[in-house]
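Have a look at the structure below, then the notes.
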Amino acid sequence: MSTIYLYDTTLRDGTQREGISLSLEDKIKIAERLDAFGIHYIEGGWPGSNPKDAGFFEAARSLNLKCAKVAAFGSTRRKHTAPEDDQNIQALIDAETRVVTLVGKTWDLHVRDVLECSPEENLAMIQDSVAFLKQRSKEVIYDAEHFFDGFKANQDYAIATLRAAEEGGADVIVLCDTNGGSLPWEVEAIVAVVTQQLSAAVGIHTHNDSGCGVANTLAAVRAGAVHVQGTINGYGERVGNADLCSIIPNLQLKMAMGSIPDEHLSQLTELSRFVAEVANLPHDDHYPYVGASAFAHKGGIHVAAVLKNEDSYQHIDPTLVGNHRRTIVSELAGRGNVLDKAQEFGLDVDRVLAREVVTQIKHLESRGFAFESAEASVDLLLRRLQPDYQAPFELIDYTVIEGYRERRGSFAEATVKVRVGSQIEHTAAEGNGPVNALDAALRKALINAYPALADVRLADYKVRILDSENGTGASVRVLIDTEAGAQRWSTVGASTDIIEASWRALADSMEYALLNGVAEPGR
Ligand SMILES: [Zn+2]
């Protein structure tokens with residue numbers, strides 16, 4: 001098994017994504033996690049460009065990394081300046097990393113129109129800068145910016161820039177698809193030409209602008225690249241960089257190329273979620289390999305087949321990457337979906353009951369419910385059909401008053417009467433709207449018996465109009481997301497009456513919390 005070296009640039013290229021801003025502490029946390037996972041190189045940032053990146057390198061010196069080498073990133077010396085007089089090169093040395101990644105120009109168009117220097121001066125800039133850092137015992141990775149575009153425009157010159165880096169002593173020469181427009185077969189053919197002409201190790205750095213970031217990386221590896229640059233979750237400028245969370249399992253599971261220790265691969269999903277969390281971005285359910293939907297089965301026929309043989313509708317065993325198979329219960333479900341879901345919830349459901357649940361779900365979905373994004377409501381549906389089921393509370397009635405009064409403005413009040421065990425609780429509460437008032441009144445009714453409900457918080461409330469052609473007589477669907485500590489669950493309600501739809505989702509949310517120990521009495 002040949003080894004492919006992984007170079008993560010989440011902390012530099014990744015932070016160029018619109019909407020990401022990582023603090024110094026965030027960067028340290030991510031670096032430690034990448035190291036524990038088995039990434040070989042972590043690019044910490046551009047020390048010459050901003051004080052936060054310089055601060056990262058200072059902090060990184062005291063990190064106890066087991067596997068990864070930290071790399072500082074910067075460009076080749078300025079034109080007509082000696083490397084020792086170049087501030088950017090000095091900042092790279094001041095970063096005190098073992099590895100320095102230098103980016104230089106490949107494309108004659110950039111040399112002429114952007115750098116505005118002679119082609120020869122650009123070659124000297126590359127060679128001098130690499131050699132200067134090699135003399136200071138750095139491992140030097142040379143990133144050839146716009147390599148593929150440069151190669152297509154002027155092959156001889158593009159190769160000459162790589163030779164300059166090689167003669168300077170670069171350890172790895174990385175071919176960058178900076179604009180992300182290349183296609184896999186072009187990348188494979190061009191990398192093959194380069195690997196024949198150079199003796200230095202060749203690497204690949206791609207962006208996803210044509211939707212081929214991962215494919216281009218794999219194509220380069222097929223043609224002999226041994227060093228792969230990318231980011232976690234494909235974060236990066238514009239549409240992003242090549243996603244290491246897809247590249248790593250593809251290399252390891254499908255191309256027999258070792259990159260990280262086999263036993264670490266099952267931490268991939270967790271790593272992907274961790275980085276999303278630190279970056280404060282939602283984790284996309286539809287990420288390949290690591291998304292919550294990556295191994296989710298919805299159609300009844302698929303589920304029935306997967307239950308017989310997991311390989312029938314899955315490209316890999318999801319546990320290899322730390323993910324898991326999921327069954328989705330919806331109107332497309334069959335009995336298998338329900339049985340599998342019941343098992344996941346730890347409920348004992350037989351085939352007759354499962355059939356009944358399928359019938360109920362189909363009926364409720366025809367009325368506007370949607371269970372696939374409301375698994376807590378599915379859990380309750382299954383529990384309520386159990387012969388010995390005892391609900392933690394039962395609704396007797398509720399009222400909601402909403403109005404407007406001069407001087408007071410608009411107001412909302414709700415009363416709730418529920419049975420909790422042998423007690424009847426009758427409460428009233430105000431809110432900033434009818435649903436908020438209903439939520440407050442229900443909590444008030446339950447809080448004596450279940451004090452831990454105080455920790456349960458409504459996190460999101462979504463309303464969708466289902467048949468808009470009926471105007472104000474349309475059905476609405478309400479989805480509520482609820483949180484308690486690190487747990488989060490979703491419930492659904494539907495009706496032509498928005499208050500009733502909201503009540504159903506709200507009551508399900510509280511019932512689920514109580515039944516699943518999310519809010520244990522006296523916790
Ligand atoms: Zn890049």
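The values are calculated or read from the model by the stated rules, or taken from the named source; none is laboratory data. Since this is a predicted model, take the numbers as computed values, not measurements. Positions of Cβ are backbone-derived with ideal geometry, glycine not excepted, and every protein chain shown enters the neighbour counts. Note: areas computed on protein heavy atoms with side chains; ligands, DNA, RNA excluded. Shrake-Rupley method; radii C 1.70, N 1.55, O 1.52, S 1.80 Å.
Being touching an Asp or Glu at 6+ places or on another chain (Cβ under 7 Å) and buried (at least 21 other Cβ atoms within 10 Å of the Cβ) is a property that Asn208 lacks.
Within the set Ala494, Ala507, Ala440, the sole residue that is open to solvent by less than 30 Å² (accessible area, probe 1.4 Å) and in a helix (DSSP H, G or I) turns out to be Ala507.
Which is within 16 Å of the ligand (Cβ to nearest atom), open to solvent by 40 Å² or more (accessible area, probe 1.4 Å) and of a type in the set (Asp, Glu), of Glu145, Glu120, Glu116, Glu167? Can you show your working first?
Details: Glu120 fails: within 16 Å of the ligand (Cβ to nearest atom); Glu116 fails: within 16 Å of the ligand (Cβ to nearest atom); Glu167 fails: within 16 Å of the ligand (Cβ to nearest atom).
Unique residue meeting the criteria: Glu145.
Out of everything in region 18-39 that is open to solvent by 50 Å² or more (accessible area, probe 1.4 Å) and out of contact with any Phe, Trp or Tyr (no Cβ under 7 Å at 6 or more places or on another chain), what residue ends up being nearest to the ligand (Cβ to nearest atom)?
Initial filter on region 18-39 (open to solvent by 50 Å² or more (accessible area, probe 1.4 Å)): 18-19, 21, 24-25, 29, 32-33, 36.
Now narrow it down to the ones that are out of contact with any Phe, Trp or Tyr (no Cβ under 7 Å at 6 or more places or on another chain): 18-19, 21, 25, 29, 32, 36.
Working: Glu18: 15, Gly19: 17, Ser21: 18, Glu25: 24, Lys29: 22, Glu32: 23, Ala36: 25 Å.
If we take residues in region 18-39 being open to solvent by 50 Å² or more (accessible area, probe 1.4 Å) and out of contact with any Phe, Trp or Tyr (no Cβ under 7 Å at 6 or more places or on another chain), then Glu18 is nearest to the ligand (Cβ to nearest atom).
Based on what the data block shows, is His302 out of contact with any Asp or Glu (no Cβ under 9 Å at 6 or more places or on another chain) and in a loop (DSSP other than H, G, I, E, B)? So His302 fails the test. If you go through region 457-489 and pick out every residue that is open to solvent by less than 30 Å² (accessible area, probe 1.4 Å) and over 22 Å from Val416 (Cβ atoms), you end up with 2.
When Asp397 is tested against the conditions (1) in a strand (DSSP E or B); (2) touching a residue at least 60 places away in the same chain (Cβ under 8 Å), the lone failure is (2). Evaluating Tyr404 against the criteria (1) part of a loop (DSSP other than H, G, I, E, B); (2) open to solvent by 60 Å² or more (accessible area, probe 1.4 Å) leaves one unmet condition, (1). Among the candidates Thr15, Thr101, the residue that is within 16 Å of the ligand (Cβ to nearest atom), assigned to a helix (DSSP H, G or I) and not hydrophobic (A, V, I, L, M, F, W, C) is uniquely Thr15. Across region 127-169, the qualifying residues are those that are among the charged types (D, E, K, R) and in contact (Cβ under 8 Å) with a residue 60 or more places away in the chain, and the one among them that is farthest from Gly74 (Cα to Cα) is Glu139.
Residues checked against (1) in contact with a helix residue (DSSP H, G or I) (Cβ under 6 Å, 6 or more places away or on another chain); (2) under 14 Å from Asp508 (Cβ atoms); (3) part of a strand (DSSP E or B):
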| position | (1), (2), (3) |
| --- | --- |
| Leu458 | no, yes, yes |
| Arg464 | no, no, yes |
| Glu469 | no, no, no |
| Leu479 | no, yes, yes |
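Selection of region 47-76 for residues being surrounded by 21 or more Cβ atoms within 10 Å (Cβ to Cβ) and either out of contact with any strand residue (DSSP E or B) (no Cβ under 6 Å at 6 or more places or on another chain) or in a loop (DSSP other than H, G, I, E, B) (or both) yields Pro47, Ala68, Gly74, Thr76.
When restricted to residues that are within 16 Å of the ligand (Cβ to nearest atom) and either open to solvent by 10 Å² or more (accessible area, probe 1.4 Å) or part of a helix (DSSP H, G or I) (or both), region 237-265 contains 6. For beta carbons closer than 7 Å, sequence separation of 6+ or different chains, a first residue in region 344-363 that is at negative phi and a second that is modelled with pLDDT under 90 and of a type in the set (Asp, Glu), the qualifying pairs are Ile361/Glu331; Lys362/Glu331. Contact map, region 77-95: residues that are over 17 Å from Leu123 (Cα atoms) paired with residues that are hydroxyl-bearing (Ser, Thr, Tyr), Cβ distance under 8 Å, separation 6+ or inter-chain. Pairs shown: Asn88/Ser75. Contact map, region 238-250: residues that are more than 17 Å from Thr178 (Cβ to Cβ) paired with residues that are near the ligand (Cβ under 10 Å from one of its atoms) and outside any helix (DSSP H, G or I), Cβ distance under 6 Å, separation 6+ or inter-chain. Pairs shown: Leu244/Gly230; Ile247/Gly230. Count of region 174-203 residues, restricted to those that are within 16 Å of the ligand (Cβ to nearest atom) and aromatic (Phe, Trp, Tyr), is 0.
Restricted to region 213-236, and to residues that are of a type in the set (Gly, Ala, Ser) and away from the ligand (no atom under 15 Å from the Cβ), which residue is nearest to Gly14 (Cα to Cα)?
Of region 213-236, the ones of a type in the set (Gly, Ala, Ser) are 213, 215, 219-220, 223-225, 230, 234, 236.
If we keep only those that are away from the ligand (no atom under 15 Å from the Cβ) too, we end up with 215, 219, 223-225.
Numbers: Ala215: 19, Ala219: 22, Ala223: 26, Gly224: 25, Ala225: 22 Å.
Applying the filter and picking the extreme gives Ala215.
Being among the acidic types (Asp, Glu) and within 18 Å of Pro282 (Cα to Cα) is the filter here, so list the residues in region 1-40 that pass it. Even if it seems obvious, please write down each step before you answer.
Restricting attention to region 1-40, the residues satisfying the condition of being among the acidic types (Asp, Glu) are 8, 13, 18, 25-26, 32, 35.
Correct list: Glu18, Asp26.
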